[in-house]
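Peer 1: I'd like to ask some things about the structure below.
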Amino acid sequence: LKPAGRPPSRRAPPVAVLRAAMKFLLAVCLAASLAGGAGAAKVGWRLRKSWQGTKMARRHEALLFARTAARSRSAAGSQLVEAMKVVHKTAYWGQMSLGSPPQPFKVIFDTGSGNLIVPASSCTVPGCAPHKKYNSKASTTSSFVTNEKGEGSSEITFGTGQVSGDFYKDKLCIGDSLCFDANFIAADKMTTEPFQEIPFDGIMGLGFKDLSMGEGFNIVDDLSSRASQFSFFVSDDDDSEVTFGGYRAERLASDIVWAPVKVESWWQVSIDDITFNNEPKGLCDGACQVAVDTGTSMLAGPSDLVDKLSNMVNAKDDCSNFHELPNLGFQIGNTVLNLKPDDYMDKSASGCSFSLMALDVPPPKGPVFIFGDPFLRRFVTIYDRSKPAVGFAVARHNGAADEVAASELIAHIRDGAGASPAAPSSTAATGGGAATGGG
């Protein structure tokens, strides 16, 4: 993947040309990191009073920077294991800019949160030290703003760590041609953990507006009139990318399976059941939910279901039955999206363990499964704000071999009598955009 700090090489045609065609594709290359952060640390600072007497908004982001652990069966009992340590890339980020003239930032594109956050030039704590900082005074288009509640600053608590900062509006550009005015948080406090160690500067939340700081703070809504779809292709190689304006057909090795969004917060869809080798197991009663989260390296689920799945998979700690383990599938209607043992198991020289984390999200959003990087490497995910819906297609990493694999990764349930493979298709996956950036 591209080294940190290197700008994306893809360029899109001018916005005016693309708008005339109603839709455009802008691919932003993503860089990646193998490193995992340390655990949670106590906050060593107190929040300052809200700027200029305005009120402060407070939010909690449950998924981003979450440090969760799952129990893995062993002869000695349960043991704690962290998911996806160094086997795969664990964070992906790309370039955007704020201000006039533009100030560049590396951000993680996160469908599990709803705010754009970058460090402010006034931030002097260790959590901000390694990162690019937004200087409002250096931008001719910057302005301080409040939301509809009169709040002009915020405090956000993540799974690990906290940030606080003031609200600004400025020109935001993704690539050279997708530019618009956006409201965001310029953070003047960021906890040492995890922010001192993360390889990107900030966070671009691509969740729904109930995750945002108020009206006008949601990037997905800002994009909807310009690029109502965006998509992620995630790889362990150097070609990961997020595409605004649709998807790139050459990244797809199968038809697209669409699932309507049931809860407009995270990109959350319903699944009818969980399958082993395409056989439904009756674990959901049609009531399971899945949040597709580009900001996390984990697969996670409700603790009771994770325990059941771990017991049913019955993977041996010594990996002796690894090649006998089933495909783990998630049924949407009569279609099953499958993960292979390589996706849901942690396998190393020291042994094997079930990598699905236990994460209990309370109602009304939960209980919910979280599909992070292991799922995203198998499937291109397409996020359509206009429906809203999430599309899934087998990712094309290895050309024709992925089209063959698609028949195993996507299957169709036959009236409760097992499943039939989905026939690979090279015609149903079309990007539909007028143009795309060149390398």
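The values are calculated or read from the model by the stated rules, or taken from the named source; none is laboratory data. Everything quoted here is computed from the prediction, not taken from an experiment. Don't worry about glycine lacking a Cβ; one is built from the backbone with ideal geometry, like all the others, and counts go over all protein chains shown. Each accessible area value is taken on the protein alone, full model and side chains, heavy atoms only, with ligands, DNA and RNA left out. Shrake-Rupley method; radii C 1.70, N 1.55, O 1.52, S 1.80 Å.
Peer 1: How do the strands (runs of 3 or more DSSP E) wholly within the range 334-375 filter down when requiring 2 or more residues that are open to solvent by less than 50 Å² (accessible area, probe 1.4 Å), in contact (Cβ under 8 Å) with a residue 40 or more places away in the chain and of a type in the set (S, T, N, Q): which remain?
Peer 2: Numbers: elements: 335-339, 345-348, 351-354, 356-358, 369-371.
It comes to 335-339.
Peer 1: Separate question: Regarding residue 175, is this residue modelled with pLDDT under 95 and in contact with a helix residue (DSSP H, G or I) (Cβ under 8 Å, 6 or more places away or on another chain)?
Peer 2: The answer is no for residue 175.
Peer 1: When the residues of the range 316-333 are filtered to those that are part of a loop (DSSP other than H, G, I, E, B) and in contact (Cβ under 8 Å) with a residue 40 or more places away in the chain, which remaining residue is surrounded by the most Cβ atoms within 10 Å (Cβ to Cβ)?
Peer 2: Once the filter is applied, the top-ranked residue is 327.
Peer 1: Can you report the number of residues in the range 384-405 which are within 27 Å of residue 283 (Cα to Cα) and at pLDDT 90 or above?
Peer 2: The number of residues fulfilling the criteria is 7.
Peer 1: For the range 255-284, enumerate the residues that are in a loop (DSSP other than H, G, I, E, B), closer than 24 Å to residue 92 by Cα and not aliphatic (A, V, I, L, M).
Peer 2: 265, 266
Peer 1: Which residues, counting only those in the range 189-228, are in contact with a helix residue (DSSP H, G or I) (Cβ under 9 Å, 6 or more places away or on another chain), of a type outside the set (Ser, Thr, Tyr) and under 20 Å from residue 262 (Cβ atoms)?
Peer 2: Across the range 189-228, the qualifying residues are 205, 206, 207, 208, 209, 218, 220, 221.
Peer 1: Among the residues that make up the range 278-301, is at least one of them open to solvent by less than 40 Å² (accessible area, probe 1.4 Å), touching a residue at least 40 places away in the same chain (Cβ under 8 Å) and more than 30 Å from residue 211 (Cα to Cα)?
Peer 2: yes
Peer 1: Among the residues of the range 376-387, which ones are part of a helix (DSSP H, G or I) and not hydrophobic (A, V, I, L, M, F, W, C)?
Peer 2: 377, 378
Peer 1: When you go through 195, 167 one by one, which is the residue that is surrounded by 22 or more Cβ atoms within 10 Å (Cβ to Cβ) and either under 22 Å from the mean Cα position of the chain (by Cα) or among the β-branched types (Val, Ile, Thr) (or both)?
Peer 2: Values: 167 fails: either under 22 Å from the mean Cα position of the chain (by Cα) or among the β-branched types (Val, Ile, Thr) (or both).
That would be 195, the only listed residue that is surrounded by 22 or more Cβ atoms within 10 Å (Cβ to Cβ) and either under 22 Å from the mean Cα position of the chain (by Cα) or among the β-branched types (Val, Ile, Thr) (or both).
Peer 1: Among strands (runs of 3 or more DSSP E) lying entirely in the range 104-205, which contain 2 or more residues that are out of contact with any Gly (no Cβ under 7 Å at 6 or more places or on another chain)? Before you say what the answer is, go through the steps one by one.
Peer 2: Values: elements: 116-119, 151-157, 162-174, 178-190, 202-205.
Strands (runs of 3 or more DSSP E) meeting the threshold: 151-157, 162-174, 178-190, 202-205.
Peer 1: In addition: Counting just the residues of the range 238-266 that are closer than 17 Å to residue 205 by Cα and acidic (Asp, Glu), which one comes out surrounded by the most Cβ atoms within 10 Å (Cβ to Cβ)?
Peer 2: 241
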